[in-house]
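The values are calculated or read from the model by the stated rules, or taken from the named source; none is laboratory data. What you see is a predicted model; the values in this text were computed from it and never measured. Cβ atoms come from the backbone with ideal geometry, glycine included; neighbour counts cover every protein chain shown. Heavy atoms of the whole protein, side chains included, go into the accessibility calculation; ligands, DNA and RNA do not. Shrake-Rupley method; radii C 1.70, N 1.55, O 1.52, S 1.80 Å.
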Amino acid sequence: MTALLKAHFEKRYPGGTIITADFTQPANEFSITVLFGPSGCGKTTILRSLAGLIRPEAGSIQCEEDLWFDEKKSICLPPQKRNVGFCFQDYALFPHLTVSQNVGYGLRLEKQKRKQIVGEFLERFHLTGLGDRLPHQISGGQQQRVALARALVRKPRLLLLDEPLSALDSTMRDELRLQMRKLLSQFAIPVVLVTHDRTEAISLADQMIVMAAGKPLQCGPVEEIFSRPNGAEVAQIVGIETVEVGEVIERKDGMVTIEIQGVKLLAVDTESSSRKVHVCIKGEHVTLSKGEAGTLSSRNHLPAIVKWITPEGPLVRVGLKCGVNCSLELTSLITPAAAQELHLEIDSQVIAMIKASSIHLIPMSD
């Protein structure tokens with residue numbers, strides 16, 4: 001696969017903070033690369049460096065055959081020569097310009113042609129009838145679409161989005177998240193997007209880069225990273241509820257028995273020789289039952305006590321203490337209907353069931 005963008009650079013700040021970028025953006029297809037991680041980990045610094053708003057201290061940025069930045073060759077193109085669309089976190093709309101004027105701001109065309117293109121974009125972004133309004137006269141979601149339209153109307157080579165939905169309330173975020181990928185795909189322009197929102201990353205990303213403390217920890221397809229993180233830190237950043245240190249006590253027939261705080265679990269073997277592993281279990285992979293588990297396919301059946309119950313949107317998060325001595329803490333994510341059927345309450349007893357294939361093991365250095 002050819003690369004539209006090759007980003008390998010460092011931005012260094014006084015005091016020793018170093019932000020590192022090391023990734024490629026696929027070419028010849030629409031794709032979204034998401035920079036994901038906690039606030040302050042360097043995501044926006046990378047985005048602004050790609051745009052030419054910040055100059056790194058080392059490395060290079062190349063878009064197809066064009067060098068945007070190369071420290072060794074003393075090359076650093078200004079933003080206007082990179083042909084990049086940038087949508088800021090606060091949208092940065094001009095408050096004194098109408099919606100139409102904001103959308104058409106970057107177009108250097110004859111008046112009638114500009115009016116035609118702006119009209120097409122207003123229709124495309126579901127802003128028809130709002131062209132004469134000022135930014136403060138439209139909703140947050142409409143402002144977001146105006147900012148996107150303004151960034152895309154010039155047909156940039158690359159679109160950069162900095163927390164594009166963070167300024168919206170949760171209901172509007174959910175609505176626009178579903179629309180955004182479909183809308184962006186119509187332009188066939190590669191996108192680099194910054195977010196710390198897990199749902200947003202899952203919904204939008206093709207490729208995902210997990211960052212912490214200025215460094216990329218893992219890069220790959222979004223499903224791979226959320227299902228098979230390469231380290232305990234990545235597992236915690238992407239929201240895997242249980243990340244515990246375990247010890248391998250037996251390997252047999254492609255399966256491995258792990259002991260965690262006196263509790264034994266059966267998992268698929270990683271074929272690593274390490275005896276110490278990080279054990280990662282997602283809440284949605286922990287199912288609950290009362291009484292005997294019967295003939296269900298889950299290989300791990302643990303007696304558990306419910307310690308807390310927290311409604312979470314369309315799901316319920318249940319905190320458990322498992323094992324004979326209640327030494328292992330797990331989280332289960334179930335539907336409200338399942339919680340009601342189980343008559344869950346604090347200190348009630350349940351069986352926590354986990355399929356062996358749902359347990360992800362990360363070998364540790366012995």
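Points worth noting:
- Matching residues, region 8-25, being over 17 Å from V210 (Cα atoms), open to solvent by less than 80 Å² (accessible area, probe 1.4 Å) and in contact (Cβ under 8 Å) with a residue 12 or more places away in the chain: K11, T17
- For region 304-323, the count of residues that are closer than 17 Å to H360 by Cβ, among the aliphatic types (A, V, I, L, M) and touching a strand residue (DSSP E or B) at 6+ places or on another chain (Cβ under 9 Å) is zero.
- Taken over region 107-125, the residue count meeting the criterion of being loosely packed, with under 15 Cβ neighbours inside 10 Å and either of a type in the set (V, I, T) or part of a loop (DSSP other than H, G, I, E, B) (or both) is 3.
- Residue check for R173: free of Cβ contacts under 8 Å to residues at least 60 places away in the same chain, buried (at least 22 other Cβ atoms within 10 Å of the Cβ) and more than 30 Å from R275 (Cβ to Cβ): no
- Scan of region 183-199 for residues that are within 23 Å of R157 (Cα to Cα) and either in a strand (DSSP E or B) or touching a Leu at 6+ places or on another chain (Cβ under 9 Å) (or both), ordered by number: L183, L184, F187, I189, P190, V191, V192, L193, V194, T195
- Taking the criterion of being under 24 Å from A205 (Cβ atoms), in contact (Cβ under 8 Å) with a residue 40 or more places away in the chain and either out of contact with any helix residue (DSSP H, G or I) (no Cβ under 9 Å at 6 or more places or on another chain) or assigned to a strand (DSSP E or B) (or both), the residues of region 131-163 that qualify are A151, P156, R157, L158, L159, L160, L161, D162.
- Residue in region 10-21 that is under 21 Å from L204 (Cα atoms), of a type outside the set (V, I, T), over 16 Å from the mean Cα position of the chain (by Cα) and at pLDDT 95 or above present: yes
- Count of region 22-43 residues which are outside any strand (DSSP E or B), polar (S, T, N, Q) and touching a strand residue (DSSP E or B) at 6+ places or on another chain (Cβ under 9 Å): 2
- Unique residue being in a strand (DSSP E or B) and β-branched (V, I, T) when the list is I46, I19, I54: I19
- Evaluating V210 against the criteria (1) crowded, with 18+ Cβ neighbours inside 10 Å; (2) over 25 Å from L158 (Cα atoms) leaves one unmet condition, (2).
- Near pairs, Cβ below 9 angstrom, 6+ apart or cross-chain, from region 221-250 (at positive phi) to any residue that is open to solvent by less than 70 Å² (accessible area, probe 1.4 Å): G239/F226; G239/K282; G239/G283
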